[in-house]
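For reference, the structure discussed in these notes is given below.
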Amino acid sequence: MTPPQTAELASTSTDWPATDMMVDSATTASASISAVDRAVDIAGDADRAVLARELSIVVPTFNESANVAELTRRLGEALRGIAWELVYVDDDSPDHTAEAVRQLAQNDARVRVIQRIGRRGLSSACVEGVLATSAPFVAVMDADLQHDERLLPAMLQTLRRGGLDIAIGSRYVDGGQIGEWDEQRATISRLATRVSHAVVPAALKDPMSGFFMIRREAFMDRVHSLSALGFKILVDLFASGTQPLRFIELPYAFRARHAGQSKLDSHVAWDYGMLLIDKLIGRWIPARFVSFGLIGSAGVIVHMAVLAALFKPGLVSFQLGQALAAAVAMVFNFFVNNLLTYRDQRLRGARLLRGLASFMLVCSVGAVANVGVAQFLFSHEQGWVPAALIGIVVAAVWNFATSSFYTWGRRSG
Ligand SMILES: Nc1nc2c(ncn2[C@@H]2O[C@H](COP(=O)(O)OP(=O)(O)O)[C@@H](O)[C@H]2O)c(=O)[nH]1
Ligand SMILES: [Mg+2]
């Protein structure tokens, strides 16, 4: 609106005829230009004042359309008197969560959505949400109302006082509760907590919490070393960066899910293992390569089983049996890697078949390289075991590097 007005005034002033009047008119015109500029400045200040949020809230979502309106309403109530913004990061939920948020955003400019397509992952969603906001304090919480939004003002108050980087909603400090979990879920959570202490401080009672508020600076200090794998963003934050996070745990009672279903499934355990491996040795070996290697080892077992089943009873020649076993092992490796190693960018539909074809091509080249390298080493007086092992490692590195780019890396083509 405003820049055209200014331009209009400017052009009016140059269009005036050159008469004695000109000086006065020009003065009047420039006076009104500066009046407009001042008005623009004041309006700008007002806009900026409205936009200067103290608290950004980031909420990852997958199929939470029945929860977002209620969460937004409750946040509005809990955060009266605080300047906040709310960003949902949705992974293209089939239940149209992103659309539900857009409708809320039409009535409340503090609310918006980032809709990610062809991507999955709670941690990476949180990271991208935090990066899309600007307030000096950022909270992360779930959409299903299990996290008590009434704790947010106390978290903010604690961080405002200074001296701390992060305030965590904790189920395991005095006054905290895990709510209605069954015994199995509670045991798994306790176990995961114990294991996490390989990479996070032992004093942290609830590293599995997905509910916390962090100073933006502390987040930005470590954002480049985050793994952003899987579900456990807090473990990731604590295990990244050079300076330890100064933290406090505030108790709250974990509530029952409001609507919809938990996204926690058996793959989460794999993702968690990968996160821990990435934090422990990721500097030297990428966790995805470890996952790829483990699945490759399982592929060797599949290969041997198929070969034994076909060749031993004399159904096929050794050569044909070996070729068929290799093909089955490749298909097995492709599907399991698609399920686990590349869970966050899983191929589906037509892209799945194209992916399988490119994977088998890549692995065939890998197999030729394997035999070539091993043969070369063997003919140069290396023992057969090291020659074979080095051949396998060369093929694994090739298969991983090339398939991560050609099979899973590209969105189209
Ligand atoms: N963006 C995004 N959000 C997710 C994903 N998986 C889970 N979430 C969200 O993360 C939060 C926690 O998930 P939830 O299923 O409640 O886990 P649980 O509380 O451990 O059972 C919820 O708001 C989910 O909608 C995902 O892959 N991407
Ligand atoms: Mg939940």
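The values are calculated or read from the model by the stated rules, or taken from the named source; none is laboratory data. These numbers come from a predicted model, not from an experiment. Neighbour counts are summed over all protein chains in view; Cβ atoms, including those assigned to glycine, are modelled from backbone coordinates with ideal geometry.
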Practice prompt. Residues being buried (at least 20 other Cβ atoms within 10 Å of the Cβ), over 23 Å from L151 (Cβ atoms) and not hydroxyl-bearing (S, T, Y): count how many of those fall in the stretch 216-234.
Written response: 3
Worksheet item: Are there any pairs with C-beta distances below 6 angstrom linking a residue in the stretch 111-123 that is more than 20 Å from R346 (Cβ to Cβ) to a residue that is more than 16 Å from ligand 2 (Cβ to nearest atom) and assigned to a strand (DSSP E or B), with the two at least 6 apart or on different chains, and if so which?
Response: V111/L86; R112/V87
Worksheet item: Does the stretch 122-140 contain at least one residue that is away from ligand 1 (no atom under 16 Å from the Cβ) and surrounded by fewer than 16 Cβ atoms within 10 Å (Cβ to Cβ)?
Response: yes
Worksheet item: If you go through the stretch 186-193 one residue at a time, do you hit one that is at pLDDT below 95, hydroxyl-bearing (S, T, Y) and within 16 Å of ligand 2 (Cβ to nearest atom)?
Response: yes
Worksheet item: What residue, of F238, F219, is out of contact with any His (no Cβ under 7 Å at 6 or more places or on another chain), more than 16 Å from ligand 1 (Cβ to nearest atom), closer than 25 Å to R74 by Cβ and among the hydrophobic types (A, V, I, L, M, F, W, C)?
Response: F219
Discussion item. Restricting to the stretch 75-103, and then to whatever is crowded, with 20+ Cβ neighbours inside 10 Å and more than 14 Å from ligand 1 (Cβ to nearest atom), can you tell me which residue is farthest from A52 (Cα to Cα)?
Written reply: L79
Item to complete: Run A98 past the list (1) in a helix (DSSP H, G or I); (2) at pLDDT below 95 and report the number of the one that doesn't hold.
Response: (2)
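Okay, residues lined up against (1) surrounded by fewer than 16 Cβ atoms within 10 Å (Cβ to Cβ); (2) within 16 Å of ligand 2 (Cβ to nearest atom):
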{"position": "G210", "(1), (2)": "no, yes"}
{"position": "I214", "(1), (2)": "no, no"}
{"position": "D236", "(1), (2)": "no, no"}
{"position": "A253", "(1), (2)": "yes, yes"}
Item to complete: Starting from the stretch 78-103, keep only residues that are more than 20 Å from S123 (Cα to Cα), then list their pairs with residues that are among the basic types (K, R) whose Cβ atoms are within a distance under 6 Å, requiring at least 6 positions of separation or different chains.
Response: A78/R150; A83/R53; W84/R53
Worksheet item: Could you count how many residues in the stretch 103-148 are among the charged types (D, E, K, R) and touching a His at 6+ places or on another chain (Cβ under 6 Å)?
Response: 1
Fill in: Residues satisfying the stated conditions in the stretch 228-271, i.e. out of contact with any strand residue (DSSP E or B) (no Cβ under 7 Å at 6 or more places or on another chain), part of a loop (DSSP other than H, G, I, E, B), of a type in the set (F, W, Y) and at pLDDT 95 or above
none
Worksheet item: Of the residues that make up the stretch 145-152, is at least one under 19 Å from V58 (Cβ atoms) and either small (G, A, S) or free of Cβ contacts under 8 Å to residues at least 60 places away in the same chain (or both)?
Response: no
Worksheet item: How many of the residues in the stretch 204-227 are among the aliphatic types (A, V, I, L, M), assigned to a loop (DSSP other than H, G, I, E, B) and modelled with pLDDT of 95 or more?
Response: 2
Fill in: Answer from V173, V89, V113 - the residue that is over 18 Å from G230 (Cα atoms) and assigned to a strand (DSSP E or B)
V113
Practice prompt. Residue by residue through the stretch 334-390, note down the ones that are basic (K, R) and outside any helix (DSSP H, G or I).
Written response: R346, R348
